[in-house]
Amino acid sequence: MAAGAGDAGLATALIVAAGSGERLRAGGPKALVELAGRPMYEYSLEACRQASKVGQIVIAVPPGKAAAFGTATGAGSGVRIVEGGATRSHSVAAGLALIDSATVVVHDAARPLVTPGLIDEAVTALEAATGLDGVIAAAPVTDTIKRVGKDSRVSETLDRSTLRAVQTPQVFRRAALSAAIAAGDLDNATDDASLVEAAGGAIAIMDSPSFNIKVTVPEDIASAEAILADRDRKDDPESC
Ligand code: C5P
């Protein structure tokens with residue numbers, strides 16, 4: 001939905017795109033790395049624009065790099081830009097300072113394959129819930145996970161059926177996320193829900209499809225492009 005006068009009651013999407021992308025070895029911010037000919041962040045932006053439950057969009061970009069985020073976020077786009085911080089949570093805090101809607105969708109620009117449907121599903125799940133502060137996308141774990149101590153010694157094998165690999169979108173009641181960010185360990189948190197949990201908030205997971213991968217290392221680019229190509233082929237009425 002386009003941002004503007006009809007936004008009352010809609011969630012605000014906060015896309016965090018301020019990471020350095022060191023593990024991608026791209027020599028610049030990960031969000032600007034091209035995926036099938038477009039900068040990675042544009043895919044998440046497009047999904048948020050198309051989500052019917054999202055009104056405003058804020059994007060946290062690397063300090064000093066706002067201009068590189070181009071026309072997709074320029075004047076008249078309805079997208080507000082903020083400079084991110086030294087860690088992901090500091091970037092969330094910077095974006096959250098601009099947001100006053102009751103519901104916030106936090107999404108990593110590094111997950112470009114998110115769909116409008118997945119975003120809407122998460123917002124709807126939180127809206128329908130009572131006693132929850134957040135709903136987060138998560139996928140079952142397919143590997144067996146072990147706790148490892150010193151000297152590579154295995155100390156425990158965890159029960160895989162109780163484990164989930166957490167992704168974004170993560171949707172929160174803004175008041176709960178703001179309080180958690182104000183009180184939380186922003187230097188070490190690896191997701192937003194953990195901050196809300198640490199502050200005593202209640203979080204539920206929503207099953208997420210396997211396509212919602214995070215682009216972290218160079219090999220992930222080829223995987224993401226293959227998923228995009230498959231999507232295009234299925235959308236093409238000429239294909240069989
Ligand atoms: O590094 P990682 O892949 O876990 O980052 C997840 C998301 O957080 C990415 O979209 C990245 O751009 C964002 N991020 C950020 N500010 C930072 C670090 C990461 O917005 N300082």
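Shown is the FRET efficiency for A183 and S20, computed with R0 = 25 Å from the Cβ-Cβ distance and rounded to the nearest 0.05: 0.40. Peptides 182-194, 104-116 ordered by packing proxy, namely the average of other Cβ atoms within 10 Å per residue, highest first: 104-116, 182-194. Look at the alpha carbon pairs under 8 Å that are at least 6 residues apart: their mean separation over the length of the chain gives a relative contact order of 22 percent. Converting phi to 3J(HN,Hα) with the Karplus coefficients 6.51, -1.76 and 1.60 and the offset θ = phi - 60°, segment 178-185 yields 4, 5, 5, 5, 5, 9, x, 8 Hz in sequence order, with x at every glycine or proline. Counting only DSSP beta bridges with both residues in segment 92-206, the antiparallel share comes to about 75 percent.
With every protein chain in place and a 1.4 angstrom probe, the accessible-area ranking of K53, K150, K30, largest first, reads K150, K53, K30. Multiplying the residue separation of S152 and L98 by 0.36 nm and subtracting their alpha-carbon distance yields 15.0 nm. Counting only lysines at least 8 places from K65 when in the same chain, those with an alpha carbon closer than 18 Å to its own are K30.
Selection among V196, V148, P209 by position relative to the dipole of the chain gives V148 as farthest towards the positive end (Cβ unit charges, Cα centre).
With q set to 0.13, 0.15, 0.16 Å⁻¹, the log10 of I(q)/I(0) for the chain, from the Debye formula over equal scatterers at the Cα positions, is -0.80, -1.07, -1.21.
The values are calculated or read from the model by the stated rules, or taken from the named source; none is laboratory data. Keep in mind the model is a prediction, meaning the values are calculated, not measured. Glycine also receives a Cβ, built like all others from the backbone with ideal geometry; neighbour counts cover every protein chain displayed. The accessibility values were calculated without ligands, DNA or RNA, using every heavy atom of the protein model including side chains. Shrake-Rupley method; radii C 1.70, N 1.55, O 1.52, S 1.80 Å.
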